[in-house]
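A short write-up of the structure that comes next.
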Amino acid sequence: MCGKMQIFIFAFLAGCIGLSVSIPHNFDWHGTHIQGPCNIYKDVTHKFRSDMYDFTIKIYKAVAARSTDFNFVFSPLSVWIILSGMAEGADFYNRKQLFNFLSLPYDECTRQKYYQLATSHIVQAHDIKIISDRILLLDAGVTPNPTWYNIVTRNNLLNVYTAPIRHSNSVILDTIDYNALWTTEFGAGRIERSPFYDLSGNQVGYVDLMKVTTLARLSYVKSIKAKMLELPIGENGRYRMLFAMFSGSFDITAALGSVTNNSAFEVFESFKEDFVPVEVALPRQVVYSELDMRTLIEDLGVTSLWNDPAATRHVSYPPALPSSFIQRATLTLDYHGLHSPPPPRPSYGTPSGPDPQVGNNFIANRPFLYALCDAETYTVIMASAFSVPTYKN
């Protein structure tokens, strides 16, 4: 997509909240129906986690493969939610393809539970600032299907707006911004300008390390040779920030190639129950990415959404046929953070980690991966990689 189109799209992101959609009631065709709420008490959390890890790993590998410097941030959860909303408006064949791609259950009530789990954790609060907008912007001459519209709005999958668009029936716009790490509990932290190294141990620049001793959990995952840090974030630790730093000159690309959803469960299960005092040093940073998700998804085999009218037949008339899908994501790790009461302090435990070499510190002075998760389901809300120092040699 050309730069002018990107400027045009994100200008609408700033102003489209005031736009409205007029939904007519004379459609004689229907999309997928979810008769809700469903009165099923079956707990689908574990299956949801497994399916989400499959999707997250698939998308993460694709994003990493496209990155020229292995320094990026994106939201796999937001991509999943948007594509789920579009899948609800596809014909049978294309819906089946999208459901398989997203690991979405065919049972409507189970699918609704997935949507509830997926959308209930991206929230704006006094202690965590996560701003997310998932938008299908339709051309002013395109009429949304009220059945589909009710599904995606009732399940918080998409916001649908109309505006004049040249040369396209619709575009998909996705923004997510995170800003909160250090709260008042970390007031004793300090910032030190420190060397930053590549995976071979060569100094490539400097970063401003935010240093603090706080309660956290450490582990070592042998299958990917990664030292892991889990930081509780927000009031009552309702979010988790996970960091992974690899041993020696370990090839991160090779590590990602072998990761499966079992690896994800292994990571989360590697932490011991107790939080312990850990010396933490993380680079102060703002990571920004603007990704062409359409091209990425096409490379993964989903091409009909953009060029087959049947794929959006039940979204609108004429079919929406989105010409683009751009995600813009920003993740800020800063010393100041947000001012809020500190979360309750968990009890002290024994040194964590199954390997005695893990120690009680996590000094991120070399390339590392990290992710923001909710503490209930450990769904990956945002995923990032950091390898470019703030101040290069």
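The values are calculated or read from the model by the stated rules, or taken from the named source; none is laboratory data. Keep in mind that what you see is a predicted model, and the values were worked out from it rather than measured. As a convention, Cβ positions derive from the backbone with ideal geometry for all residues, glycine included, and neighbour counts pool all protein chains shown.
Things worth noting here:
- Scan of the range 129-160 for residues that are part of a loop (DSSP other than H, G, I, E, B) and within 15 Å of the chain's Cα centre (by Cα), ordered by number: Leu157
- Single residue of the range 93-109 satisfying the filter (outside any loop (DSSP other than H, G, I, E, B) and touching a helix residue (DSSP H, G or I) at 6+ places or on another chain (Cβ under 8 Å)) that is surrounded by the fewest Cβ atoms within 10 Å (Cβ to Cβ): Tyr93
- The single residue among Pro195, Pro283 that is farther than 21 Å from Leu372 by Cα, over 19 Å from the mean Cα position of the chain (by Cα) and either at pLDDT 80 or above or of a type in the set (Val, Ile, Thr) (or both) turns out to be Pro195.
- Residue, surrounded by the most Cβ atoms within 10 Å (Cβ to Cβ), within the range 134-151, restricted to residues that are at pLDDT 95 or above and touching a helix residue (DSSP H, G or I) at 6+ places or on another chain (Cβ under 9 Å): Leu136
- Residue check for Leu372: surrounded by 22 or more Cβ atoms within 10 Å (Cβ to Cβ) and either over 27 Å from Tyr53 (Cβ atoms) or at pLDDT 90 or above (or both): yes
- Residues that are crowded, with 18+ Cβ neighbours inside 10 Å and in contact with a Ser or Thr (Cβ under 7 Å, 6 or more places away or on another chain) within the range 286-304 comprise Val287, Arg294, listed in sequence order.
- For the range 357-382, the tally of residues that are among the polar types (S, T, N, Q) and either over 30 Å from Thr119 (Cα atoms) or part of a helix (DSSP H, G or I) (or both) stands at 4.
- From the options Ala310, Ala320, residue that is of a type in the set (A, V, I, L, M, F, W, C), surrounded by fewer than 19 Cβ atoms within 10 Å (Cβ to Cβ) and touching a residue at least 12 places away in the same chain (Cβ under 8 Å): Ala310
- Filter result (in contact with a strand residue (DSSP E or B) (Cβ under 8 Å, 6 or more places away or on another chain) and more than 26 Å from Ser316 (Cβ to Cβ)) within the range 91-146: His121, Val123, Gln124, Ile128, Lys129, Ile130, Ile131
- Among the residues examined, Gly89 does not qualify as over 14 Å from the mean Cα position of the chain (by Cα), farther than 18 Å from Arg328 by Cα and part of a helix (DSSP H, G or I).
- All positions within the range 261-301 that are outside any helix (DSSP H, G or I) and either farther than 30 Å from Pro195 by Cα or of a type in the set (Ser, Thr, Tyr) (or both): Ser270, Lys272, Glu273, Asp274, Tyr288, Ser289, Asp292, Leu300, Gly301
- Test result for Ala90, surrounded by fewer than 17 Cβ atoms within 10 Å (Cβ to Cβ), of a type in the set (A, V, I, L, M) and at pLDDT 90 or above: no
- Some residue of the range 238-247 being part of a helix (DSSP H, G or I), over 17 Å from the mean Cα position of the chain (by Cα) and either surrounded by fewer than 18 Cβ atoms within 10 Å (Cβ to Cβ) or modelled with pLDDT of 75 or more (or both): no
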